[in-house]
Amino acid sequence: MRVTCVVEYDGAGFQGWQIQPAGARTVQAVLEAALAGVADEPVSTVCAGRTDTGVHASGQVVHFDTTARRPEKAWVMGANTQLPPDVAVRRAVAVPDGFSARYDAHARTYRYVILEGWNRPALWRSRAAWSHRSLDAAAMQAGACHLLGEHDFSAFRSAACQARHPVRTVHAIDVRRNGACVSVDVRANAFLHNMVRIIVGTLMVVGRGEHAPAWVGDLLEARDRTAGAATAPPQGLYFLGPTYAREIGIPTPVEPGGPGPV
């Protein structure tokens, strides 16, 4: 049978999602070990979206195949008893054999969280980026509008990006302020490597008044990464999750729970 899980994790203690050579602590490695303990056989997962070192997730979706037959609650409770405190399975659902957590997602949503203040935070140092200067959220939103739709995002991909082409479709970017917190939600059909963090780094330049919002459109048209802003740090980034057809029955994206700026 094929099982799909919704997983949340604090990425601060991990070297990203994907399994790496021995010695690297990754989310995929600890999750597969926990699920294998429940299944009593090896488990190999496929995720909706890989996350880098230090990046968090509230609605990561994975699927795996198993000969084990367990109630959905048993997958959740059994895995969580074996997982470390910084990873949790929130839901498990049996799905048709042809379902793919990766390829059946028609959109993905990320949130980036920035805390403002003249003094650096301690409690949220690994859960949000810090800006010692005030940001103009309205100007950031105006700049973000230039990125909506289908474009060549060469100016917003890292040099290490291995995507076959740079064309992506951004469905929405929402910049919101809540007191000293500014959040940026980005939804697109897919993302290039570091695309969200580069978008946020660019919008922060606009928010500080160093460039007008139209500069974002100029960068997009120039397709030159070297002309743009620095990449925002990873700790402010959250993968809220993919979006699937309603009939699949997987309710994502997932808002991060608990207190705090997210």
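Just so you know, all these numbers are worked out from the coordinates, no wet-lab data involved. Keep in mind that what you see is a predicted model, and the values were worked out from it rather than measured. Glycine also receives a Cβ, built like all others from the backbone with ideal geometry; neighbour counts cover every protein chain displayed.
Observations
- Working from label points 7 Å from Cα in the Cα-to-Cβ sense, the N178 to A88 distance is 1.7 nm.
- With only the Cα atoms considered, the stretch 125-220 has a convex hull volume of 104 Å³ per residue.
- The mean of 1/r over all distinct Cα pairs in the stretch 87-158, once inverted, gives the Kirkwood hydrodynamic radius of 16.8 Å.
- With the helix formula -39500 (n - 2.57) applied to DSSP H stretches of n ≥ 4, the chain reaches a computed 222 nm mean residue ellipticity of -6000 deg cm²/dmol.
- Beta bridges per DSSP with both ends in the stretch 69-198, % antiparallel, nearest 5: 85 percent
- Relative pair counts by distance (%), Cα atoms of the chain, 10 Å bins: 7, 30, 33, 21, 8, 1
- DSSP-defined antiparallel bridges as percent of all bridges, the chain, nearest 5: 90 percent
- When the alpha carbon gyration tensor of the stretch 2-104 is reduced to an equivalent ellipsoid, the three semi-axes, largest first, read 20, 15, 12 Å.
- Restricting the GluC sites (Glu not before Pro) of the stretch 203-262 to loop positions (DSSP other than H, G, I, E, B) with no more than 11 neighbouring Cβ atoms within 10 Å leaves E210.
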